[in-house]
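Trainee: Mind looking over this structure? Questions follow.
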Amino acid sequence: MKRKLSVAIESYPIAGSFVISRGAKTEAVVVTATLVQGGGGGRGECVPYARYGESAESVVATIERARDALEAGADRADLQRLLPAGAARNALDCALWDLEAKLSGVPAHVAAGFEALSPLVTAFTISLGAPDQMRAAAERAADRPLLKIKLAGEGDEARLAAVRAGAPDSALIVDANESWTAETLPRQLAACADYGVSLVEQPLPAGRDDILATMPRPVPICADESVHDRASLAPLKGRYDAINVKLDKTGGLTEALALARAAQEMGFSIMAGCMVGTSLAMAPAVLVGQIASFVDLDGPLLLARDRVPGLCYEGSTLLPPAPELWG
């Protein structure tokens, strides 16, 4: 039975702004792919990321390269060969998972090997800002069990001190987004240890992280920009303690699960991460979250409005997606 693919670019306003070391944004621009076949329809959402040379338009163009094959019945295994890892393949891969679930009546999590999905405790992100701004944001979120702090290099110790003062009881993840240097890293990691940070994400630029293999790591370090899919995993051994698995990097849930399981076999801890997107982008990542030590799926919490239906968050507790949303 013939399939029909439709693609759309959508924009969702962010509540305030989302600020990291590379800049700020006030809206989340996402690309959605919908596959309709017979009486079923499957959806997937991706977030194009300029850090990897992606734009909404380039992602749509990449999706269009696979249109004929998908409408002729290509499956997820075919898709892995048709397109490289990245946002475009993510939207299509997740749409195929959803379509398969709708047509078969078998939930996506069961097809992926999970008997049931458990609720997850997600981090909540504190955007980069002046120390007093970040302290105020931390105070507003102080009842959340896990906060993720965006840092940027110079002045980070003051920012870290301010957040810890604002949220003394929360566990902390620090995300430097490649902004630290080999010279300042020992001092910054020591400060993280002093303030009880549980994990440091991507302190050094991808490709310049070899020093991590030869220096003490008083706080576990997690690869983000340095890891995309299984092909990028082997060089990280000895440099990192954990990896951040994001579907927009892996090119979909299929590779994300394979990457997470391969990483676990190599001794890495898993973080289930996301770009800033809607509940449709988070829902497939909930499956990765089932085998993760850290979960950062707070995208919808950062938006002024989410798509409907969306995920249900009870504070920082993320409930499994309903089939009406995905899977």
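Trainee: Kindly state which helices (runs of 4 or more DSSP H) lie completely within region 103-173 and contain at least 1 residues that are under 29 Å from L185 (Cβ atoms).
Mentor: 131-140, 156-166
Trainee: Counting only residues that are in a helix (DSSP H, G or I), under 22 Å from A111 (Cα atoms) and open to solvent by less than 40 Å² (accessible area, probe 1.4 Å), how many does region 72-98 have?
Mentor: The qualifying residues number 11.
Trainee: For region 43-64, check the following and say yes or no: at least one residue is more than 23 Å from G299 (Cβ to Cβ) and surrounded by 18 or more Cβ atoms within 10 Å (Cβ to Cβ).
Mentor: Checking region 43-64: not a single residue is more than 23 Å from G299 (Cβ to Cβ) and surrounded by 18 or more Cβ atoms within 10 Å (Cβ to Cβ).
Trainee: So, in region 45-66, exactly how many residues are among the acidic types (D, E), without any contact (Cβ under 8 Å) to a residue 60 or more places away in the chain and not in a helix (DSSP H, G or I)?
Mentor: Of the residues in that region, 1 qualify.
Trainee: Name the residue, out of A33, A8, that is open to solvent by less than 40 Å² (accessible area, probe 1.4 Å), outside any helix (DSSP H, G or I) and without any contact (Cβ under 8 Å) to a residue 40 or more places away in the chain.
Mentor: A8 is the lone residue from the list that is open to solvent by less than 40 Å² (accessible area, probe 1.4 Å), outside any helix (DSSP H, G or I) and without any contact (Cβ under 8 Å) to a residue 40 or more places away in the chain.
Trainee: State yes or no: is A231 in contact with a strand residue (DSSP E or B) (Cβ under 7 Å, 6 or more places away or on another chain), in a helix (DSSP H, G or I) and either under 30 Å from C192 (Cα atoms) or open to solvent by 20 Å² or more (accessible area, probe 1.4 Å) (or both)?
Mentor: Against the criterion (in contact with a strand residue (DSSP E or B) (Cβ under 7 Å, 6 or more places away or on another chain), in a helix (DSSP H, G or I) and either under 30 Å from C192 (Cα atoms) or open to solvent by 20 Å² or more (accessible area, probe 1.4 Å) (or both)), A231 does not qualify.
Trainee: Taking the condition of being in contact (Cβ under 8 Å) with a residue 60 or more places away in the chain and either open to solvent by less than 50 Å² (accessible area, probe 1.4 Å) or under 20 Å from P107 (Cα atoms) (or both), how many residues in region 305-314 meet it?
Mentor: 3
Trainee: Moving to a separate point now. Quick check: anything in region 247-262 among the polar types (S, T, N, Q), open to solvent by 10 Å² or more (accessible area, probe 1.4 Å), part of a loop (DSSP other than H, G, I, E, B) and in contact with a Phe, Trp or Tyr (Cβ under 8 Å, 6 or more places away or on another chain)?
Mentor: no
Trainee: Continuing with this model, one more query. Among the residues of region 274-304, write down those that are assigned to a loop (DSSP other than H, G, I, E, B) and open to solvent by 20 Å² or more (accessible area, probe 1.4 Å).
Mentor: Once the filter is applied, which keeps residues that are assigned to a loop (DSSP other than H, G, I, E, B) and open to solvent by 20 Å² or more (accessible area, probe 1.4 Å), region 274-304 yields C274, M275, Q290, I291, A292, S293, A304.
Trainee: If you don't mind, another one. Among (1) touching a Gly at 6+ places or on another chain (Cβ under 9 Å); (2) open to solvent by 40 Å² or more (accessible area, probe 1.4 Å); (3) of a type in the set (A, V, I, L, M, F, W, C), which single condition is A116 missing?
Mentor: (1)
Yes or no, residue by residue, for (1) among the acidic types (D, E); (2) closer than 13 Å to F294 by Cβ; (3) at pLDDT below 95:
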position	(1), (2), (3)
A142	no, no, no
K150	no, no, yes
E154	yes, no, yes
A162	no, no, no
E178	yes, no, yes
A206	no, no, yes
P216	no, no, yes
V227	no, no, no
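Trainee: Follow-up. I need the full set of residues from region 192-225 which are under 22 Å from P145 (Cβ atoms) and hydrophobic (A, V, I, L, M, F, W, C), in order please.
Mentor: Within region 192-225, C192, A193, V197, L199, V200, V219, I221, C222 meet the criteria.
Trainee: Can you pull out every residue in region 211-228 that is touching a Pro at 6+ places or on another chain (Cβ under 9 Å), within 21 Å of A262 (Cα to Cα) and not hydrophobic (A, V, I, L, M, F, W, C)?
Mentor: E225, S226
Yes/no per residue for (1) basic (K, R); (2) in contact (Cβ under 8 Å) with a residue 60 or more places away in the chain:
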| residue | (1), (2) |
| --- | --- |
| K237 | yes, no |
| K249 | yes, yes |
| L257 | no, yes |
| G273 | no, no |
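Trainee: Could you look through region 208-228, keep only residues that are farther than 30 Å from G44 by Cα and in contact with a Ser or Thr (Cβ under 8 Å, 6 or more places away or on another chain), and pick out the one that is most open to solvent (accessible area, probe 1.4 Å)?
Mentor: P220
Trainee: Something else: Out of the residues in region 178-207 meeting the condition of being small (G, A, S) and either open to solvent by less than 10 Å² (accessible area, probe 1.4 Å) or in contact (Cβ under 8 Å) with a residue 40 or more places away in the chain (or both), tell me which one is nearest to K237 (Cα to Cα).
Mentor: S198
Trainee: Kindly establish whether T254 is closer than 30 Å to P48 by Cβ and not hydrophobic (A, V, I, L, M, F, W, C).
Mentor: yes
The values are calculated or read from the model by the stated rules, or taken from the named source; none is laboratory data. Here the structure is a predicted model, which means the values were calculated and not measured. Please note: Cβ atoms are built from the backbone with ideal geometry, for glycine as well, and neighbour counts cover all protein chains shown. What goes into the accessible areas is simple: the full protein's heavy atoms, side chains included, and nothing from ligands, DNA or RNA. Shrake-Rupley method; radii C 1.70, N 1.55, O 1.52, S 1.80 Å.
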